[in-house]
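The values are calculated or read from the model by the stated rules, or taken from the named source; none is laboratory data. Just so it is clear, the model here is predicted, and its values are computed rather than measured. In this analysis, Cβ positions are derived from the backbone assuming ideal geometry, glycine residues included, and neighbour counts consider all displayed protein chains. With ligands, DNA and RNA removed, areas are computed over all heavy atoms of the protein, side chains included. Shrake-Rupley method; radii C 1.70, N 1.55, O 1.52, S 1.80 Å.
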Amino acid sequence: MNFADVKARADGYRVASLPHRPGLEVSGRVRAVGERVEGLRVGQEVAALVDGGGYAEVVLAEAARVLPLPAGLDLRTAATLPTVLPTAHALVHEVGRLRAGESVLVHGAAGGIGTAVGQLARAAGAGAVFGVVSGDAKAAHALKYGYDEVFRSDTFDADVRRVTGGRGVDLVLDPVGGGTLRRGLEVLAVFGRLVSFGNAGGAEPWHAGQAELYPRGRSVGGFPVLALARSSPDDLRALTERALRTVLDGTVTLPVTAEFPLSDAADAHRLIGGRTSTGKLLLRTTD
C-alpha cells in the first residue's frame, strides 16, 4: 500500500474519540510522501482518516484516505470532517435515500454526526426532522441544527407515534443498536427504512427478519465508514468529496464545542464518558 505521512504541527488537530487506539480523524501538514503516491506533496494541508493512533504529533495514513484541503477550509474545521461528514451524507443520501417531503428520526442528534445529519436532511427537503437525545442541554443544541422536535431516548417511540398520528417516520438513523434499534424499527412507516451506523449501547447484534420487515415493506441498511474505507477507499473518497461540498457552500456547519491540548486528552474522554458533550471535541498537538 502507498501511504502519506502527515505531521501535525501547532495548527494540527485530532478529534477526540474512543477506539482501542484513540484518534480516527486528523488534520495537519504532509511531512513525507511514500513511493508512487500521487496528488500529495510535502507541506500540503490535509485531513485524513486513520484506523486509530491519531493521538500523536505524527501519524501514518493511507494515501487514499488523505484529503487535500480546498481553499477556504482551515485545519481546525478539517479535523471534524473525515468520519462525520461522509457518514452523515451517506445516511441521508446514499444509504438512507431520503426524499423531499419524507420524515426522519435521528438518534444522537446533538453529536457530530447528528448535527450534520439535521442540516443535510433539512437541505434535502425533509418534511420533518426529529431528533433523539438524552437531556435538555443536548435538545437545545440539536434544535439549532435543523431539527423540528427533539425527543428523549426513553420515550421517543411514543413521541413519534404522537406527532405523526400513528403513521411513523420514513427513515430512522440509529448509532445505538440493541433495544433502541428494535424500537426504531417499530416506528417506521409503511415502506420505511432504518439505517444502523453503530452499536454504542454495546448490546448483542440483533437481526431483523421476515416477521419484522415483510408486513409493512420495511427495510434495514447499514453504514460503517471505516469498513468502507477498507473495502472500497475510492468510493469513500468520492463520497467525502461530495459531502465536502456541503461545507464549502455553507449547507453544513460543524461546531467545535470543546478543545483540549493533547496532554489533556483524559479530560476530553471524561467529557465524552459523562454523556454531556455536544458537537465535536478537538485535541490540538501543541499550544
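About its Cα centre, the dipole of the chain is roughly 260 debye, where the only charges are +1 on Lys and Arg Cβ and -1 on Asp and Glu Cβ. Coordinate range of the alpha-carbon atoms in the range 87-133 per principal axis, descending: 24, 19, 14 Å.
For the residues 159, 235, 249, a GNM of the chain with alpha-carbon springs under 10 Å puts the largest fluctuation on 249.
Solvent-accessible surface of protein heavy atoms, probed at 1.4 angstrom with all chains present, puts 197, 191 in the order 191, 197, largest first.
Along its three principal directions, the equivalent ellipsoid of the range 16-144 from the Cα gyration tensor extends over semi-axes of 32, 17, 12 Å, largest first. Mean silhouette area of the range 108-170, derived from the convex hull of its C-alpha atoms and averaged over all directions, reads 3.9 nm².
Only Cα pairs under 8 Å and 6+ residues apart enter the sum, and on that basis the relative contact order of the chain stands at 19 percent. Taking all Cα pairs closer than 8 Å and separated by 6 or more residues, the relative contact order of the range 174-287 comes to 19 percent.
Applying Stokes-Einstein at 20 °C and 1.002 mPa s to the Kirkwood radius of the range 43-101, computed over alpha-carbon pairs, gives a translational diffusion coefficient of 163 µm² s⁻¹.
With q set to 0.22, 0.32 Å⁻¹, the log10 of I(q)/I(0) for the range 230-270, from the Debye formula over equal scatterers at the Cα positions, is -0.76, -1.01.
For residue 55, the solvent-accessible surface computed with a 1.4 Å probe is close to 50 Å², ligands and nucleic acids excluded.
For the range 111-223, a Kirkwood radius taken over Cα pairs fed into Stokes-Einstein (25 °C, viscosity 0.890 mPa s) yields D = 171 µm²/s. Looking at the chain alone, DSSP beta bridges between its own residues are antiparallel in about 45 percent of cases.
Once the Cα gyration tensor of the chain is found, what semi-axes does its equivalent ellipsoid get, as square roots of 5 times the eigenvalues, in whole Å, sorted largest first? So the equivalent ellipsoid measures 33, 20, 17 Å along its semi-axes.
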